[in-house]
Amino acid sequence: MNWNSAVVREASRSANYGKVIELARTNQRMTQVQLGEACGLSQSAISRLEKRGTGPYAMDVLLRVSQHLSIPAGLLGLADTARRARIGTEDVHRRQLLGAAAAIVAAPVLAAVAGPTDEAEQQAAALRLATTSYRRLDGSTPSRDLTDVVHSHLRLIQGLVVAAPTDAHRIRLAAVASEAASLAAWLAWDMGDHGSARSFYGAAIKAARSGANPLLAAYQAGSLAQFEAQTGNAIQALSLVKKARSLLESGRPAIADAWLASVEALGHASAGDQRSSDRALTHSRAAARTTTGDEPPPWPWVFTFDESKVAASRVTCGAKLGLEAWVSDGASAVLATAHAKQRALLVMDLATGHLAAGRIEAAFTLATQALEIGFQYRSGRIIERGRALRRSLNTPSPPKVVREFDERLHNVYL
């Protein structure tokens, strides 16, 4: 993309940032749906953003879009610190600027929540917005660069819980602590630290219960279930899904129903039960169709869960079951996944499907692409998936693409 072209410069000079975004998006051959998915927005929200002209823009949205499309911060009227947080140089600067980036993301919304006079409510809202910002940054930032700042954020919240002056204040902050602990668990999982992941997920469930929020507690139990299913503990995963459902009231949001059904499908797939997995996926798809794409997902969800996510879940289930047809049918869902690390994991699933069908070269060509993303983001989870794929192939004379894959894996030290 030529950022110095006349059309880009004119759009930026006139503060028509939506035009700059549209030019960058089309240059990268990305659809509005894909960009929205990457930034936690609907397709219609991206369309409105691109057509806004010289009207006012939410700086948090501009920051997210600039990070994903690699647009120079100045072209969207953002401060240089936002750009430095995106590209990074030294780790110490990155960690400092991650906090600044989260503050930039949260700032416009903080202005909106400043209205309530309840100090406890304002404090909880500010902390929750910071957690949400870190969750969004996970899509474009190595987990190892986020971990320290998220752990500090969690310790701050836990300290505030202990010092809370009233029970109501303590309950409100406990829910916020649950979200931060869940994020810490996700980062540990991405780095391949399963022990810490389980510990943080356990803390998230415990804090959610203290926060007296059944929906949040169900979300955290479902998150741990997803972790256990992915790591091969099918019985524990299905038990946690059942527990999560028991925590929900009859009027639970459709997104909760759809997501939990997809986690259940993964649990059945991990157990080798194709019929039950297919049944759960069918239920998940039906529930996802009732969600409204134009509305933001209900807290504690940050990103939407729609039919494309169900299709991606089917790819993962198919990989666990060794069903090449399930994996191949969801290839389009993989391409539509804008979160780089999640897309790499799905590409590994596609590689597994090719390997199940005997297409060794195609499998390891895809796996090599996913591995490169794992190197870029220093993701132990992606790299371990690559190792698992390699272990599943036992041949005395591997082709060249497999030997090259081996060489890349042997040189990995995260």
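Computed from the coordinates by the stated procedures, all read-outs in this text should not be read as laboratory data. All of these numbers come straight from a predicted model, not from anything done at the bench. Using ideal geometry, Cβ is built from the backbone for each residue, glycine included, and neighbour counts are taken over all protein chains shown.
Between SER44 and ASP167, what is 0.36 nm times their sequence separation minus the Cα-Cα distance? Round to one decimal in nm.
Between SER44 and ASP167, full extension yields an extra 40.1 nm.
What pairs from LYS19/LYS341; LYS243/LYS341; LYS206/LYS320; LYS242/LYS320; LYS309/LYS400 go past 26 Å between their alpha carbons?
Check vs 26 Å cut-off fails for LYS19/LYS341; LYS243/LYS341; LYS206/LYS320; LYS309/LYS400.
What's the FRET efficiency of ARG52 with GLU404 using the Cβ-Cβ distance as r and R₀ = 60 Å, to the nearest 0.05?
For ARG52 and GLU404, the calculated efficiency is 0.80.
Suppose R0 equals 41 Å; then what is the FRET efficiency for SER152 and SER397 from their Cβ-Cβ distance, rounded to the nearest 0.05?
0.20
If the chain between SER246 and ARG387 were fully stretched, how many nm would it gain, using 0.36 nm times the residue separation less the Cα-Cα distance?
47.1 nm
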